[in-house]
Every structure is written in structure tokens, then in C-alpha cells.
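Encoded as C-alpha cells, the structure appears first; notes follow it.
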Amino acid sequence: MNIGKASADSGISAKMIRYYESIGLVPQASRSDGGYREYTENDVHTLRFIRRARDLGFTVEQMIELLALWRDRKRASADVKRVALKHVEELERKARELQEMSRTLKHLAAHCKGNERPDCPIIDELAEDAGRPVPSSPGTAGRRRFGPMAAGSTASRSAAERRVRS
């Protein structure tokens, strides 16, 4: 089957299929005499596996590992479980970070008058942190921290919170 049919059957765009081939996640497709990619049902089955792993948020590196385990009929299920549980930890960390950001933004929005005046605790919070170096700790390298857990927050309150409560 051609790449369009493989794409439709697997739920992965033709562009992503070509990308996955280029990085070695899937083997290069065989070619027709005319130079077109040709895919087998087995190829589509692999692409569906990748789509499902991607839908669950696995990284390319994790998908490489999972594909290797899937293909290894002598694998230990403990190895698969280890990959899955490590991913769960990463997802839960990200969920906590998103909840923290959401709480901070809700708090700041609740204290923004939303009128024609330029005073805005949201802008004040962003501007205050803009001059500080980005904190680096496990899992946060290169990311800004806002709200109660932000570096430099005083008594678990941001500058905007302190101004609002003053």
C-alpha cells in the first residue's frame, strides 16, 4: 500500500511517517519501481503501535525502547512496566506543574480589575520575574517557576499577591 493508505489506516500523517523513517523509529519502506514508498500490513501495525504510544505521551526515545520490547518475544514484562511507570512519574510531575501554573494564574486573574486602567497584577508578576535568572532544579531546567513555589517568593506569595493584599 502507498503512504497515503498507510497514513489513513494507522492514523499517523504521511509527514510523520517519513519523519519516523528518517530517525529510524520505523525501518525505511520498500520502494516501488516508480520510487514510491510501499507499506505492508505489518508496517501499519507498527505505526498503530507508535500512534497509541504517542497518544499516551511517550517520547520518541521511550517509543524506541517500547518497540524493541514489543519485538522481543523473550522480554520480561517487568521491563515494560518499568518504562510505563517511569512515564507515569513524568506525567504526574507535569500535571503538578500545570496545576501550580493554573492556581497562580487564577489567583492573579482574580486580583486583576480587568478595567481600562493599566494596573495589572498579571503583568506585574511577569515583569518582576523577567529580570531574574531561570532557576534550575531536577525536572525544571530552563523553565520559569511562578506562584507559591517560585524562586524568591516571600512567605509563599508573589509580588503581585503582596501588592494586592497591601
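Only the coordinates and a few stated rules stand behind these numbers; no lab work does. Here the structure is a predicted model, which is why all the values come from computation and not from measurement. A quick note on method: Cβ atoms are made from the backbone with ideal geometry, for glycine too, and the neighbour counts reach across all protein chains shown.
General remarks:
- Between Asp55 and Val88, the simple spin-label model (points 7 angstrom out along Cα→Cβ) gives 2.0 nm.
- Loop-resident sites, the range 58-109, for trypsin sites (Lys or Arg not before Pro), counting at most 15 other Cβ within 10 Å (DSSP): Arg73, Lys74, Arg75
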